[in-house]
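Below is one structure, written out as structure tokens, with a few remarks after it.
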Amino acid sequence: MTIAVGVIETQTFPAVLAAADAMVKAGRVTLTKYDRSESGRQFVAVRGLVAEVKLAMEAGLAAAKACPGYAEVMTHVIIPNPQENVEAVLPIEFTPQSEPFRV
């Protein structure tokens, strides 16, 4: 099984909240990380099978863009099967907090 990571970065918290909610409802994915970027933008990362991450990302992007107000999606990416050294350095790994929700 190939596990992927999907990340959406938005300008506002309501947009990233809507994206995260839509992603976990649309696909069998685990929300592994939410944080603020240095620029003050918000990002959310999900992990799961490649096909599930693609479904989740589509739903998350649509939900974030549909948020009222200034809810611009800044960037997004899907990376299938990231290397172990990427997981060790960047905040995309499964954590003890996300483990109970792992699908």
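Backbone geometry of segment 4-20 corresponds, through the Karplus equation with coefficients 6.51, -1.76 and 1.60 at θ = phi - 60°, to 3J(HN,Hα) couplings of 10, 10, x, 10, 10, 10, 10, 7, 10, 5, x, 5, 6, 5, 4, 5, 4 Hz, x marking Gly and Pro. Placing +1 on the Cβ of every Lys and Arg and -1 on the Cβ of every Asp and Glu, with nothing else charged, gives segment 1-74 a dipole about its Cα centre of roughly 160 debye.
Which one of A66, F94, G6 has its Cα pushed farthest toward the positive end of the charge dipole of the chain, where Lys and Arg give +1 and Asp and Glu give -1 at the Cβ? So the residue furthest toward the plus end is A66. A cut-off of 5 Å between modelled amide H atoms, ignoring neighbours fewer than 5 places along the same chain, links M74 with E9, T10, Q11. Computed on the Cα trace of segment 30-103, the radius of gyration divided by the Kirkwood hydrodynamic radius gives Rg/Rh = 0.97. A simple rule links phi to the HN-Hα coupling: the Karplus curve 6.51 cos²θ - 1.76 cosθ + 1.60 with θ = phi - 60°, which for segment 76-83 gives 7, 7, 10, 10, x, 6, x, 5 Hz, with x for Gly and Pro. Close amide H contacts of L49 (hydrogens built in the peptide plane, cut-off under 5 Å, sequence separation of 5 or more or a different chain): A4.
Farthest toward the positive end of the dipole of the chain, out of A18, V50, S37, is the Cα of A18, where the dipole comes from beta carbon charges about the Cα centre.
How high is the relative contact order of the chain, given as a whole-number percent (alpha carbon pairs under 8 Å, six or more residues apart)? Don't skip to the answer; put the middle values down first.
Details: 221 pairs, mean separation 41.0, N = 103.
Relative CO of the chain lands at 40 percent.
Coupling constants for segment 44-50 follow from the phi torsions by the Karplus curve (6.51 cos²θ - 1.76 cosθ + 1.60, θ = phi - 60°), and in residue order they are 9, 10, 10, 10, x, 5, 3 Hz; glycine and proline get x.
Between K25 and Q97, the modelled labels are 2.3 nm apart [label points 7 Å from Cα along Cα→Cβ].
Coordinate-derived values only; no laboratory data. What you see is a predicted model; the values in this text were computed from it and never measured. No Cβ is skipped: glycine too gets one built from the backbone with ideal geometry, and neighbour counts run over all protein chains shown.
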